Each structure stands twice: as structure tokens, then as C-alpha cells.
Protein chains: 4
Amino acid sequence: MMNKKKFIAVIGGRQPSSQEAQLAEGVGRELAKQGVILVCGGLGGVMEAACKGAQSEGGVTIGILPGESHQAANPYVQIPIVTGIGNARNVAVVKSAQAVIAIGGSYGTLSEIGHALQSGIPVIGLNTWSLSRNGQQDNSIILTQNPTEAVNKALNLTTK
Amino acid sequence: MMNKKKFIAVIGGRQPSSQEAQLAEGVGRELAKQGVILVCGGLGGVMEAACKGAQSEGGVTIGILPGESHQAANPYVQIPIVTGIGNARNVAVVKSAQAVIAIGGSYGTLSEIGHALQSGIPVIGLNTWSLSRNGQQDNSIILTQNPTEAVNKALNLTTK
Amino acid sequence: MMNKKKFIAVIGGRQPSSQEAQLAEGVGRELAKQGVILVCGGLGGVMEAACKGAQSEGGVTIGILPGESHQAANPYVQIPIVTGIGNARNVAVVKSAQAVIAIGGSYGTLSEIGHALQSGIPVIGLNTWSLSRNGQQDNSIILTQNPTEAVNKALNLTTK
Amino acid sequence: MMNKKKFIAVIGGRQPSSQEAQLAEGVGRELAKQGVILVCGGLGGVMEAACKGAQSEGGVTIGILPGESHQAANPYVQIPIVTGIGNARNVAVVKSAQAVIAIGGSYGTLSEIGHALQSGIPVIGLNTWSLSRNGQQDNSIILTQNPTEAVNKALNLTTK
């Protein structure tokens, strides 16, 4: 039964560097190998690379789309959710996951990091934003070096 | 691959009559038998009965939840989507489906019927609302008599 | 101070009959005369006619827009709220009001009637939907014959 | 007519330091003096301090609330918008403004900064987040030292 499964979100922009796309594909593969369901925003770039990786290992992929049609989903999204609420769907992407892996540095990704941290959902980072306020580093984003480490950290933080 | 699958939403209130709950369970069973993925609002009543029926036949169930936690999902939801947007998630429930089957007559269901018809998504009815404006009947809701007829009508209208 | 003011929503479609547009303008005028702030979806048709009527009597008009820009607002909206959430903004239109006046019969209006009734917000109707379920009339929409009667009914129901 | 007015959002958390609350009140006063309509999330902390400042100078204050009731609005909100969409309303707060002034460093504020920058809406900062990605500083947030400078920068960036 799927409802015992874990759900982890992969967040990242539509125009990643080739290195970021590789990281995303690796994260998708690793999630699938560990039996985790991948949640994402359903579009291109990091989202597509992660779904592609997951599908290559037989994983399940959910794309929570901003627009009015499932046709905007990348070809590796198996379960398209059509919200029609634009970027407000970023909230649903992170809330539908027990942990979030952020790859790269778009502003949409930054908004999702904010929503996740506000909701107490752990954020694991790969080549992504780092934050400080009033000159003091904020270490809420857990930095990792590669897809395997990122997925393992995420899984460790979703024991509930 | 799931992305060739059809998605049909079952909408209905949290406090159905026992007859409506039976209809919902029958619709869920029939959708699963036909290989259709069931989308719903994820809570109790009609939503739960439909998910229960689908799961009993090995079907896949998606619950698009209004609140902040997947824990509000009924026990037969396999894929909980946590939107955090309250009743505005009604829009996502209907937009994520190629057709909608409405059972019973809550006001939330009425809002979903309105959103579906506004988006050109077919609405099939079982014991549900009927509409008229300025004294003239509106026949947009396709009335059916039993779960099998409802599911067949819905599938006929999702050929695209 | 405005925060003692009453807020009433006028809901209706973008392509009203000329009679419906006249009713909407009359409702807008009457709301302004009574010192009520008008809330609407901010676009054309019934929404524009109501805002025009309100502005002609010096009233305040709020348009809660579905899209990404305030430029879609009709010219009589003084306070554009840009939600970016598409038709899900219908929920915000009705929840921001203490009562709702529905004019005409678009499906978007039907969704708003459903959301309002689900939230316990009174709905007053002018040439709008009437509802029945399982063959029984539902009298939740309070029928009125003209703008003055509609506004007076709405105000009577917002004493809290 | 209000529709020639400028709208500027003040974003910040519910538990500011006393210095941040003072900055927020100063920003509210300055916005009101310059005839700008203040948009915010409608709750306490930075939002309340900014509304208080604006109201003390006769300004107009809009609070775009996350919950289901206008009663959660702080006492200085004149125009409560009740969205019912939770933190997804953060998108509406920034999109309803031509520029955003961020005060302090909550995670909700971070999400709003992300949404604003993603939409091309200028962000002016007072004691707020600073951002870097992959070790490189991102200078999108325009840093200022006091309320007058923040409001002037914001107004300069809203000439359209």
C-alpha cells in the first residue's frame, strides 16, 4: 500500500546548470531505489531531471502543476495534479512531502525553502541558497555534497 | 506507465446518506476495475467511501487535502496531496480530473460542480444537485442512475 | 475608520444580459449610498457594472483578481488585489464579505454560491441560479426582485 | 480616486524585535505621508506595527489574511481580505504591490521575498535576509538603513 510510503519533494528551477540537472537526476534515481515517492512542481529543468531519474529506476513521480492543464507536465510525471493556482502551488509541493531537497538557486526555489522552513519541514540543499540575517548565518538548510548523501539525510529526517 | 491513465474525480460531502455512501463505494470499485485513477478531496463521507471501493479492487486513490497535514486523509487515500489552501483546493480536485462524478448534495460539492462546468470538465451526477436559472432548467449535469452507468458516461466523455 | 464598515460581495459573470448589467449597476449604487464597501472579482460584466454603480455614488470598490496583474481590473476597481491563484480566488471573494449578492447565472457564480453557502455566508439572488437536490427545492438563495431589496436583505443579514 | 494610488507591501514576521517593530511603524508612517496604500498579511508583529504607523498618519491599510475570518486581522487593518488559503496568501501579498519592503527575518518573509523576486517585484530590505548561492552573494534585495530611505527606494522603483 502506498500510504506507508515516504514522500520527498525535489525543488529547483526550470533553467538549471548541467551540473544541477545531473544532481537532480541522481536524486530522482536514489529516491526511487529507496522506494520513496517523488513530489515536485511538475515542470521542466530540475523537476524534469529528477522525475526522469526516478522513472529510470521504476519510481513514482507526482507533479503539482501551477497552471490550468496537465499538458504542461514534463514527460516523466506520472501523477499530474492540476492546481490552477500559479506559484501558490509551491506551498502544496513542500507540504505534501516529509522532507525537501533543494537543488540550484532560482527564486521560486527560495520561496519553497521559506515555506518549508516555516512549516517545520526539513530542507536538504545541493548547490543551493545559503541564508543569513542581520549578518548571522542561518544554518537551517542542511548542506550536502551529492545525491546519495542528500537522500540519506532526507530519509533520516522523516522518521515520524 | 501511469501517465497514460485516466483520472476521474469523485466529489461529495462528508455526511452522505447511507445510500450515497453505497453509490460512492460502487463508483470507486468501478473506476478501479476500469483502470482509472480516482481523485478526490481526501476526507471522509463520499470521499472515503469512494476510496474504499477503489482500494478494494486494487485501484489508485489520490486525496487533495484542504488542510496542513496528511493526517486528515481518510485511510484509503494512497497519495495524499497536502495543499494548505482550504476549500480553494476544490478547484484542484476538479482540474486534476478529465471528468467529475458528483454524489449527493453538499454545498462544497456545488462549488466543485461550478468550477468543473466553468472549466469545461464534464460532470456526471448521482443523487446530486439539479440546476435552473431564471426558471429554465440547466442540463449540464449528466444524470445517471447507478455507479456503472456513471463511470461509463464519465469514460465516454474523456476520450481526448 | 473603514474597519467598522460592512463588506458585501457582488458576484456574477463576465457576459451578463443588459438587464443583469443594469441590476448590477443598481446594486453597486445602492451599496455605496448605504456606506457599504463593495467586494467583487474585479473583472468585466456584472463585476464592472457593480463597481461603476458604486463609484458613481462615491463608494469604495475592491476587486480580487484571479491573474498575475492589476491591469486586468475593470476601470472602476479602486483597490485591486492580485492573487495569482486563478478561479480559486472565488473563495476569497465570498469570504471577504459578510453577505453575497448573486446576479445572473454563470458557472463561476455557481461556484461562488457553493463556497458562500458552505461557509455560512448569506446569498441573496437577482435573476440567478435556483437549486434543488434529489427533486427537492433548496431555498438557501434568498430571492429578491430589485437592487434595493437585494441590498436591504443583505444588510439585514449582516448584523453581526 | 484610489486607482491612481501606489500600493506597497510591508512584509515581516509576527515576532519582531522591538527595533524591527519600530522600523515597521516608521515605514507605515512614511508610506501614509507619501499617499501610498499599505498592503500586508494582516496579522500581528511587523504587520501590525506597520499598519499602526500608517493609520497614525491617516493612511489606508489592507490586510490579506491567511485564515477563514476577518477577526484575525490586527486592529489597524482597515480593509481585511479573507483568503482562506493559508500561507499561499503570501503570493497575493507581494503581487498586490508594486514594491515590497521586508523587515526582519522570519521564514514566511523569506518565502515572500522569493515570490516577489520571481515575479520581478522589487524588494527593499531593512534588517532582513541576505542571500547567496553557491558561495556568491545575490544582491537582489536592496538594503536600506531606515524607514525613510526604504520608502523612497521603493517609490523610485514603482514609476511604471
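The values are calculated or read from the model by the stated rules, or taken from the named source; none is laboratory data. Everything numeric in this text was worked out from a predicted model, so none of it was measured. So basically every Cβ, Gly included, is an ideal-geometry build from the backbone, and we count neighbours across all protein chains shown. Surface areas here come from the heavy atoms of the whole protein model, side chains and all, with no ligands, DNA or RNA. Shrake-Rupley method; radii C 1.70, N 1.55, O 1.52, S 1.80 Å.
Hey, can you tell me all the residues within segment B:51-81 that are under 19 Å from residue A:79 (Cα atoms) and small (Gly, Ala, Ser)? Write out each step before concluding.
We begin by selecting, within segment B:51-81, every residue under 19 Å from residue A:79 (Cα atoms); these are B:51, B:54-55, B:58-66, B:70, B:73, B:76-81.
Across segment B:51-81, the qualifying residues are B:54, B:58, B:59, B:63, B:73.
Please go through segment A:81-94 and pick out each residue that is touching a residue at least 24 places away in the same chain (Cβ under 8 Å), facing chain B (nearest Cβ under 7 Å) and either closer than 16 Å to residue B:93 by Cβ or more than 13 Å from the chain's Cα centre (by Cα) (or both). Lay out the reasoning, then the answer.
If we filter segment A:81-94 for residues that are touching a residue at least 24 places away in the same chain (Cβ under 8 Å), which is where we start, we get A:81, A:87, A:89-94.
With facing chain B (nearest Cβ under 7 Å) added as a condition, the list becomes A:81, A:91-92.
Scanning segment A:81-94 gives A:81, A:92.
To keep it simple, each residue is scored yes or no on (1) hydrophobic (A, V, I, L, M, F, W, C); (2) farther than 22 Å from residue B:7 by Cα; (3) at pLDDT below 95.
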position: A:37; (1), (2), (3): yes, no, no
position: A:42; (1), (2), (3): no, no, no
position: A:51; (1), (2), (3): yes, no, no
position: A:68; (1), (2), (3): no, no, no
position: A:80; (1), (2), (3): no, no, no
position: A:94; (1), (2), (3): yes, yes, no
position: A:108; (1), (2), (3): no, yes, no
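Matching residues to (1) within 13 Å of residue A:126 (Cα to Cα); (2) free of Cβ contacts under 8 Å to residues at least 24 places away in the same chain:
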position	(1), (2)
A:18	no, yes
A:24	yes, no
A:45	no, no
A:48	no, no
A:56	no, no
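Whether any residue in segment A:141-151 is in a strand (DSSP E or B), under 20 Å from residue D:102 (Cα atoms) and more than 14 Å from the chain's Cα centre (by Cα) is what I want to check.
Step one: of segment A:141-151, the residues in a strand (DSSP E or B) are A:141-143.
Narrowing further to those that are under 20 Å from residue D:102 (Cα atoms): none.
There is no residue in segment A:141-151 that is in a strand (DSSP E or B), under 20 Å from residue D:102 (Cα atoms) and more than 14 Å from the chain's Cα centre (by Cα).
Could you look through segment A:128-160, keep only residues that are in contact with a helix residue (DSSP H, G or I) (Cβ under 6 Å, 6 or more places away or on another chain) and of a type outside the set (A, V, I, L, M, F, W, C), and pick out the one that is surrounded by the most Cβ atoms within 10 Å (Cβ to Cβ)?
Result: A:147.
With the structure loaded, tell me whether residue C:120 is farther than 17 Å from residue C:29 by Cα, open to solvent by 10 Å² or more (accessible area, probe 1.4 Å) and at pLDDT 95 or above or whether it fails that test. Full working, then the answer.
Values: farther than 17 Å from residue C:29 by Cα: yes; open to solvent by 10 Å² or more (accessible area, probe 1.4 Å): yes; at pLDDT 95 or above: yes.
Answer is yes for this residue.
Against the condition of a type in the set (A, V, I, L, M, F, W, C) and either at pLDDT below 95 or over 30 Å from residue C:64 (Cα atoms) (or both), how does residue A:113 come out, does it pass?
Answer is no for this residue.
Would you mind stating whether residue D:116 is farther than 16 Å from residue D:63 by Cβ and part of a helix (DSSP H, G or I)? If you could, list the steps in order and put the result at the bottom.
Numbers: farther than 16 Å from residue D:63 by Cβ: yes; part of a helix (DSSP H, G or I): yes.
Yes.
All but one of (1) farther than 24 Å from residue C:89 by Cα; (2) in contact (Cβ under 8 Å) with a residue 24 or more places away in the chain; (3) not β-branched (Val, Ile, Thr) hold for residue D:138; which doesn't?
For residue D:138, the failing item is (2).
Quick check on my filter: what residues within segment D:123-160 are of a type in the set (Ser, Thr, Tyr) and within 22 Å of residue D:26 (Cα to Cα)? Quick ask: steps written out before the conclusion?
Residues of segment D:123-160 of a type in the set (Ser, Thr, Tyr): D:128, D:130, D:132, D:140, D:144, D:148, D:158-159.
Across segment D:123-160, the qualifying residues are D:128, D:130, D:144, D:148, D:158.
Within 12 Å of another protein chain (Cβ to nearest Cβ) and more than 30 Å from residue C:82 (Cβ to Cβ): is that true of residue A:59 in this structure?
Answer is yes for this residue.
Scan the strands (runs of 3 or more DSSP E) fully inside segment B:1-101 and keep the ones with 1 or more residues being open to solvent by less than 20 Å² (accessible area, probe 1.4 Å) and either in contact with a Pro (Cβ under 7 Å, 6 or more places away or on another chain) or small (Gly, Ala, Ser) (or both).
Numbers: elements: B:7-12, B:37-40, B:61-65, B:79-82.
Filter on segment B:1-101 gives B:7-12, B:61-65.
Could you give every pair whose Cβ atoms fall below 6 Å, whose first residue belongs to segment A:120-134 and is more than 9 Å from chain D (Cβ to nearest Cβ), and whose second residue is open to solvent by 20 Å² or more (accessible area, probe 1.4 Å) and assigned to a strand (DSSP E or B), counting only separations of at least 6 or pairs across chains?
A:124/A:142; A:125/A:143
Residue check, residue C:109 against (1) under 27 Å from residue B:16 (Cα atoms); (2) open to solvent by 50 Å² or more (accessible area, probe 1.4 Å), all met but one. Which one?
Result: residue C:109 fails condition (2) only.
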